[in-house]
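See structure below.
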Amino acid sequence: MAFVYRTLFYIIGLIILSFGVSMTIKAGLGTGAWDALNVGLSNTVGLTPGSWVVIVGIVMIFVNAALVKRWPDVAAIITLLITGVLIDFWLLRVFEDMVVTGYAKQFGVFILGMVALSFGLAVYLQPKFPLIPIDNFMMALRERFGLNLMVAKTLGEVFALSAAFIFKGPIGIGTLIVTFAIGPLIQLFYPYCEKVYNKMITSAR
């Protein structure tokens, strides 16, 4: 039963996370740095944003391995594939025709996306299943340099922002907000998600 709860947290977290990513993209105010990079690559090179989630993620698997001086976490490719498919599902299926106009609506959709993204991250981190490599990058920075989640996530976002700028991703005020707010939001949600998760796992034993 414990494995069922772990899997449930993992899948639900990824669904919420990918929904949040899609909302920040659709808001049109600029999205998170990693997502801006994926969208920029999609627009300039081709393929879908979800495909670039997988490709960029595979590169980051080896970067993370170098940071923590361990073998590459190839199992993370499973998480990448699930996430890439979910992002394309939301963007190209569910919300394909969604157009958000007016600053107030854009900002509302963006905030919804950012909160969902942060909450989804806090949920799917709990089971300790293979992480999306960009999130494992956060954890690798945390482990290598002794940083807390907030600082590690913010550093990762700044790194991705530079790459997104090169590929002309959708960078805007929303990108700056995500870059500096996503870390604190994860730090806010994480203890509550951890408490619920541990309670469910304990009750399953």
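Restricting to segment 21-36, name every residue that is in a helix (DSSP H, G or I) and in contact with a Pro (Cβ under 8 Å, 6 or more places away or on another chain). Steps first, answer last, please.
Applying the first criterion (in a helix (DSSP H, G or I)) to segment 21-36 yields 21-27, 33-36.
Those that are in a helix (DSSP H, G or I) and in contact with a Pro (Cβ under 8 Å, 6 or more places away or on another chain): 25, 35, 36.
Residue by residue through segment 177-205, note down the ones that are open to solvent by 80 Å² or more (accessible area, probe 1.4 Å), in a helix (DSSP H, G or I) and farther than 18 Å from residue 17 by Cα.
195, 199, 202, 203
Return yes or no: is residue 118 closer than 28 Å to residue 65 by Cα and polar (S, T, N, Q)?
Numbers: closer than 28 Å to residue 65 by Cα: yes; polar (S, T, N, Q): yes.
So residue 118 passes the test.
For residue 125, work out the one condition from (1) buried (at least 17 other Cβ atoms within 10 Å of the Cβ); (2) more than 13 Å from the chain's Cα centre (by Cα); (3) of a type outside the set (Lys, Arg) it doesn't fulfil.
It is condition (2) that residue 125 fails.
Among all residue pairs at least 6 apart or on different chains, which show Cβ distances below 7 Å where the first residue, located in segment 157-177, is under 19 Å from residue 114 (Cβ atoms) and the second is of a type in the set (Val, Ile, Thr) and assigned to a loop (DSSP other than H, G, I, E, B)?
Filtered contacts from segment 157-177: 164/171; 170/31; 174/31; 175/31.
Can residue 7 be described as assigned to a helix (DSSP H, G or I), within 17 Å of the chain's Cα centre (by Cα) and closer than 29 Å to residue 203 by Cβ? Steps first, please.
Numbers: assigned to a helix (DSSP H, G or I): yes; within 17 Å of the chain's Cα centre (by Cα): no; closer than 29 Å to residue 203 by Cβ: yes.
So residue 7 does not fit the description; no.
Which of the numbered conditions does residue 102 fail, given that it passes all the others? Conditions: (1) without any contact (Cβ under 8 Å) to a residue 24 or more places away in the chain; (2) at negative phi.
Residue 102 satisfies all of (1) without any contact (Cβ under 8 Å) to a residue 24 or more places away in the chain; (2) at negative phi except (2).
Listed residues 39, 59; which is modelled with pLDDT of 90 or more and more than 15 Å from the chain's Cα centre (by Cα)? Even if it seems obvious, please write down each step before you answer.
On the way: 39 fails: more than 15 Å from the chain's Cα centre (by Cα).
The match here is 59.
Might you let me know whether segment 133-144 holds any residue that is more than 16 Å from residue 158 (Cα to Cα), under 15 Å from the mean Cα position of the chain (by Cα) and open to solvent by 40 Å² or more (accessible area, probe 1.4 Å)?
The answer is no, given that none of the residues of segment 133-144 is more than 16 Å from residue 158 (Cα to Cα), under 15 Å from the mean Cα position of the chain (by Cα) and open to solvent by 40 Å² or more (accessible area, probe 1.4 Å).
When you go through (1) open to solvent by 20 Å² or more (accessible area, probe 1.4 Å); (2) modelled with pLDDT of 90 or more one by one for residue 110, which number turns out not to apply?
Residue 110 satisfies all of (1) open to solvent by 20 Å² or more (accessible area, probe 1.4 Å); (2) modelled with pLDDT of 90 or more except (1).
Can you tell me which residue within segment 156-176, out of those that are within 28 Å of residue 127 (Cα to Cα) and open to solvent by less than 70 Å² (accessible area, probe 1.4 Å), is modelled with the highest pLDDT?
160
Considering only segment 46-78, state which residues are touching a residue at least 24 places away in the same chain (Cβ under 8 Å) and assigned to a loop (DSSP other than H, G, I, E, B).
Matches in segment 46-78: 48, 73, 75.
Could you tell me whether segment 1-24 includes any residue that is among the aliphatic types (A, V, I, L, M), surrounded by 19 or more Cβ atoms within 10 Å (Cβ to Cβ) and modelled with pLDDT under 90?
No: segment 1-24 contains no residue that is among the aliphatic types (A, V, I, L, M), surrounded by 19 or more Cβ atoms within 10 Å (Cβ to Cβ) and modelled with pLDDT under 90.
Do you know which of the residues in segment 145-155 that are of a type outside the set (A, V, I, L, M) and within 14 Å of the chain's Cα centre (by Cα) is most open to solvent (accessible area, probe 1.4 Å)? Step through it out loud before you land on a result.
At the first step, the residues of segment 145-155 found to be of a type outside the set (A, V, I, L, M) are 145-146, 148, 153-154.
From what's left, within 14 Å of the chain's Cα centre (by Cα): 153-154.
Values: 153: 12, 154: 28 Å².
That would be 154.
Mind checking which residues of segment 48-106 are hydroxyl-bearing (Ser, Thr, Tyr) and open to solvent by less than 30 Å² (accessible area, probe 1.4 Å)? Reasoning before the result, please.
Step one: list which residues in segment 48-106 are hydroxyl-bearing (Ser, Thr, Tyr), which gives 48, 51, 79, 83, 101, 103.
Passing the criteria: 79, 83.
The values are calculated or read from the model by the stated rules, or taken from the named source; none is laboratory data. Everything numeric in this text was worked out from a predicted model, so none of it was measured. Neighbour counts run over all protein chains shown; Cβ positions are idealised from the backbone, glycine included. All accessible areas refer to the heavy atoms of the entire protein, side chains included, with ligands and DNA or RNA removed. Shrake-Rupley method; radii C 1.70, N 1.55, O 1.52, S 1.80 Å.
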